[in-house]
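What follows is one structure encoded as structure tokens, with my remarks underneath.
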Amino acid sequence: MKYKKCISVLVLFLLGINNTFASDDDRYFQAYSQIIGSKPDSEEELTALVSDSDVLSEQSSLASVYIALLQSMLDHPTGFEEYKLAPKDHLKDIKRSHPALYFRHNILSAYNLAIQEKWRLAHSTIDEVIAFANDNDPELYFDAIATKSIFLARMGLIRASLNSGAKVLGELPSLTEKRFFGDGAIENMELEIGLNMSYLGENKRALELCSRAETFFYTRPLSSPHRYYQIALDCQRRSLENLGRIDEAFDMLEKYTEYATSIEDWDTYTYGLVLKIEYFYALGKVKEAHELIEKTESFISLLPTSYDTNTYQISRFKALVEQSEFERANALSALIIDNLSDEYSSPDLHWAQFKSIQSSLFEQLGNKEAAISALRDSKNFYQSLYYQTDDRKELFSDYYESALAERKLQLLKQQHELSQLELANSNRMNLILTAGALTLLGLLALISYLYAVQRRLKREQETLATVDTLTGVRNRRSLLGAVQLELNEAKAYKNDLSLVLIDLDNFKEINDNYGHECGDDLLKAFCEHVSKSIRKTDTFGRYGGEEFILCLPNTSAAEAKKVVNSILDSYRKVRISPNISAQTFSAGIAQYQTGIETSNLIKQCDEALYVAKKFGRNRVCIFSQDD
């Protein structure tokens, strides 16, 4: 997945070592800092420096912990190797005598748990560090919060990751005040901030920071993980993609994979391939995606099982299902299940993605029950990602908001029909049963009734979550989600798209003079009128109060104005009461431009609507920068 590489930035925060280490025994810290200053490039060089140190060569608890921290700086080229830890009996002594040093070491322990996909333990361990450092050690607190943020990103919970990182980014301690830190600590921090900005959508600033990081890390010594340089490239790729500069983003991706090939980092190379496949799918170039998979599948099959190879195989599985190559898809499905079930212990995100595609395979093969079962498994794996953290404030709703939701709900309806058919067959057989069996039939009928009631309540809940209860059109949340999907498609395919903000004129006077019930009738009549006047591909919903949004894909602003004027002309003839004369509305139109966010596009519509109101209402205006 796109966020997989975030966890490797954890090593960045271990470059900065807190000065509280030196508070109880300064000579250990001095010895540590001298070795850091020597910049050892290998495990052998580090071992020699430790052996030459009168302090760190001692067989003591303090020495073993400092050595573990030194070793964390080396032999970590990909950011996915486990750290060497100090002996447990030494840690017991350090926890009593040097708690800040003990909890600094626990960041390494938490990272190792994350590598093993033991997320509950990883979060629990890092939360203990946060609780200690909150009042005792500002720099350790920052590093622990940043680590938790990286863990969440690694799990695919980007919003939770950003929420965690936001707690400390505004209060970042001055790096120049640290007594010792590794070469490039400021660049490391800039890279992490750039990554967060790219996820937050602050793409221009992210490009600036990550570009500087790329320049710096390209010339770093071999002891520095090459992952830093690759993260800088990936950050720029994501930012360029968000800005709609797709060609430049793809060029950056080519640079990324070429570098991975030059250092024979095949995990990163595979990750780059997956990104290319995703680009082709997003641009509608399905044939190119399939061709790239066919070209590379033999090579990838020779690589050891890893997170990236599993991601690649899932993309390949998707391609085979799309091409209706069911025999090959079934064979690959068995391989993927073996890979996801072995000691590697792949995260739930892989299972969720795989089960979703497997559901499509079963559906095409006509096995509805298996499709529904796989679909439910996919949902459960998605939801379990969230429940593996302690941050209960974020709701994991991606499953229900995905483009597959409509097909998935249809599968559930088919399951209900299948259940009803099975019940009908059971009823026919019950006609020949004894009186005792009739009692059982009654119980089955009761269960069936309760099941039907449960399904009806679930459908009502789903409706309440997406539909405005008064007017029957989309509510604000559902509307904005649908508009965002349309904007994404317009961005990917470079299509025209116009957004319209509509406000009913003098609506308050209707409520004041004729009552709110009459106002409600007018809102319902307006929504019914618009719904009958637009295309099935258009999106319409209630934005709030008497304001509505109409999204017109593949439509320029000039074309949208003709459509809305036509709706306005016919709306003047709508009557809900003999006492109320012709009703009108005002509308503002804005045309989508590459790179503009949804909120800014709505703001442009609002400015155009203001102009329409200013010049007497009952009119449609197009946004212009000159207004």
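General remarks:
- A crude spin-label estimate for the pair S373 and D52, with each label 7 Å from Cα along the Cβ direction, gives 6.5 nm.
- Region 227-279: GluC sites (Glu not before Pro) in DSSP loop, at most 15 other beta carbons within 10 Å: E264
- Rounded, prolate or oblate (a/c below 1.5 giving rounded, otherwise prolate when a/b exceeds b/c) for region 221-325 by Cα gyration tensor: oblate
- Measuring against 22 Å, Cα to Cα, the residue pairs K532/K613; K255/K276; K39/K84; K39/K255; K84/K148; K285/K318 contain K532/K613; K39/K255 as the ones spanning a longer distance.
- Pairwise FRET efficiency - L303 versus Q34, Cβ, R0 = 41 Å, nearest 0.05: 0.50
- Our estimate of slack between H529 and N380, defined as 0.36 nm per intervening residue step minus the Cα-Cα distance, is 49.6 nm.
- Shape descriptor for region 264-307: Rg over Rh equals 1.00 (Cα atoms; Rh from the Kirkwood inverse mean 1/r).
- 5 angstrom amide H check on Y543, placed H, neighbours 5+ away: F548, I549
- Summing +1 for each Lys or Arg and -1 for each Asp or Glu among the other residues whose beta-carbon sits under 14 angstrom from that of Y514 gives -3.
- Amide hydrogen proximity for I622: with H placed 1.01 Å from N in the peptide plane, the residues at 5 or more positions away or on another chain lying under 5 Å are I589.
- Of V274, V574, the order by accessible heavy-atom surface (1.4 Å probe, DNA, RNA and ligands excluded), from most exposed downward, is V574, V274.
- Computed label-point distance, nm, for sites K536 and Q625 using a 7 Å Cα→Cβ extension: 3.9 nm
- Protection proxy ranking for 307-318, 109-120, using the average of other Cβ atoms within 10 Å per residue and placing the highest first: 307-318, 109-120.
- Mean Cβ neighbour count within 10 Å, used as a protection proxy, ranking 578-585, 95-102 highest first: 95-102, 578-585
- The phi torsions of region 582-599, fed into the Karplus equation with coefficients 6.51, -1.76 and 1.60 and a -60° offset, translate into couplings of 4, 9, 9, 9, 10, 9, x, 10, 9, 9, 5, 10, 3, x, 6, 7, 4, 4 Hz, rounded to whole numbers, with Gly and Pro shown as x.
- Gain upon complete extension [E208, Q59; 0.36 nm per residue less C-alpha separation]: 49.0 nm
- Projecting label points 7 angstrom from Cα along Cα→Cβ for D89 and K285 puts them 6.2 nm apart.
- When the trypsin sites (Lys or Arg not before Pro) in region 462-539 are filtered for DSSP coil states and for at most 13 other beta-carbon atoms within 10 Å of their beta-carbon, the remaining sites are K494, R535, K536.
- For R617, the amide hydrogen comes within under 5 Å of no other amide hydrogen, counting only partners 5 or more places away or on other chains and with H modelled in the peptide plane.
- Couplings 3J(HN,Hα) for region 354-368, derived from phi with the Karplus relation 6.51 cos²θ - 1.76 cosθ + 1.60 (θ = phi - 60°), are 4, 5, 5, 5, 4, 4, 5, 4, 4, 4, 5, 7, x, 9, 5 Hz, where x marks Gly and Pro.
- Multiplying the residue separation of N513 and L121 by 0.36 nm and removing their Cα-Cα distance gives an extension gain of 134.8 nm.
- Per-residue 3J(HN,Hα) values for region 309-316, derived from phi via the Karplus relation 6.51 cos²θ - 1.76 cosθ + 1.60 with θ = phi - 60°, read 5, 5, 4, 4, 5, 5, 5, 5 Hz in sequence order (x marks Gly and Pro).
The values are calculated or read from the model by the stated rules, or taken from the named source; none is laboratory data. Because the structure is a prediction, the values reported are computed rather than measured. Every residue, glycine as well, gets a Cβ built from its backbone with ideal geometry; the counts of neighbours run over all protein chains shown. To get the accessible areas, we keep the full protein, side chains included, count just its heavy atoms, and leave off ligands, DNA and RNA. Shrake-Rupley method; radii C 1.70, N 1.55, O 1.52, S 1.80 Å.
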